[in-house]
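In what follows, a single structure is set out as structure tokens and then discussed.
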Amino acid sequence: MSGTSAALEPPADAVKPVRHPDAPVPGELLGAHYEHCFGCGGEQAHGLHLEARAGEGVTVTAEFTVQPAHQGAPGLAHGGVLATALDETLGSLNWLLRTIAVTGRLETDFVRPVPVGTTLYLEAEVTAVARRKIYSSATGRIGGPDGPLAVRADALFVEVAVEHFVSHGREAEIRAAMSDPDQIRRTRAFEVNP
């Protein structure tokens, strides 16, 4: 990635990421971490409805199709929407580590325009872990998983306790998510939001 900041360079004592033994198996659809999430939730009419799948090691793949509501310039995806797709894909990696983490830093390069109606094929991987910090990178391609590169990003996620969300979120939504009888959905609701 061109111009990656020093903040996204793992420190010398960083370790190789290890997939959690209870992580979803390669190829498994991860599903929405929260139904009202703009990136992956099914309850957002104009959301990305991004679908991520577990990959080998600590990797995921994802797809989303750019809709008219996602455009910035006429007929082209808004850069912020593309950054959101990268962030959502990168955040899905934390489910493979079984870690609750939030985006600390995201640096994005926009390589080529992405037209409305195009499916963006995303791949992401955790590259290193240093204490509470998780370093990762992602790419987005058009025309297929091996198509031309359109966007790429490097990110730093920071592990947090669920109290982070309780302290900073809206009480009604927090209570609703925490009272979900499905333990997996309850845990995943708090996995990637800042």
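3J(HN,Hα) along region 90-100, derived from phi through the Karplus expression 6.51 cos²θ - 1.76 cosθ + 1.60 where θ = phi - 60°, amounts to 4, x, 5, 4, 5, 5, 6, 8, 6, 10, 8 Hz, with x in place of Gly and Pro.
In terms of its C-alpha gyration tensor, region 22-163 comes out prolate, because a/c is 1.5 or above and the ratio a/b outweighs b/c.
Of the residues HIS70, HIS46, the one with the largest accessible area comes first in the ranking HIS46, HIS70, computed with a 1.4 Å probe on protein heavy atoms.
For region 73-141, run through the trypsin sites (Lys or Arg not before Pro) and keep only the ones in DSSP coil with at most 15 other Cβ atoms within 10 Å of their Cβ.
ARG98, ARG131, ARG132
Compute for region 1-103: radius of gyration divided by Kirkwood radius, i.e. Rg/Rh, restricted to C-alpha atoms, rounded to two decimals.
Using Cα coordinates only, the ratio equals 1.01.
Here r is the Cβ-Cβ distance between ARG98 and ALA6 and R0 is 22 Å; the resulting FRET efficiency, rounded to 0.05, is 0.15. For the pair ASP146 and VAL25 in one chain, pulling the backbone fully straight at 0.36 nm per residue adds 41.3 nm over the alpha carbon distance. Computed with a 1.4 Å probe on the full set of protein chains, the accessible area for SER5 sits at about 30 Å². For region 104-118, putting each phi into the Karplus relation 6.51 cos²θ - 1.76 cosθ + 1.60 with θ = phi - 60° gives couplings of x, 7, 9, 10, 10, 10, 9, 8, 8, x, 10, x, 4, x, 7 Hz, in residue order, rounded to whole numbers and with x for Gly and Pro. Taking 7 Å steps out from each Cα toward its Cβ at GLU35 and ALA130 produces label points 4.1 nm apart.
Considering only protein heavy atoms and a 1.4 Å probe, what is the carbon-and-sulfur percentage of the accessible area of region 13-102? That share works out to 54 percent.
The values are calculated or read from the model by the stated rules, or taken from the named source; none is laboratory data. Not measured: the values here are computed from a predicted model. Positions of Cβ are backbone-derived with ideal geometry, glycine not excepted, and every protein chain shown enters the neighbour counts. When the accessible area is computed, the model is the full protein with side chains, heavy atoms only, and any ligands, DNA or RNA have been set aside. Shrake-Rupley method; radii C 1.70, N 1.55, O 1.52, S 1.80 Å.
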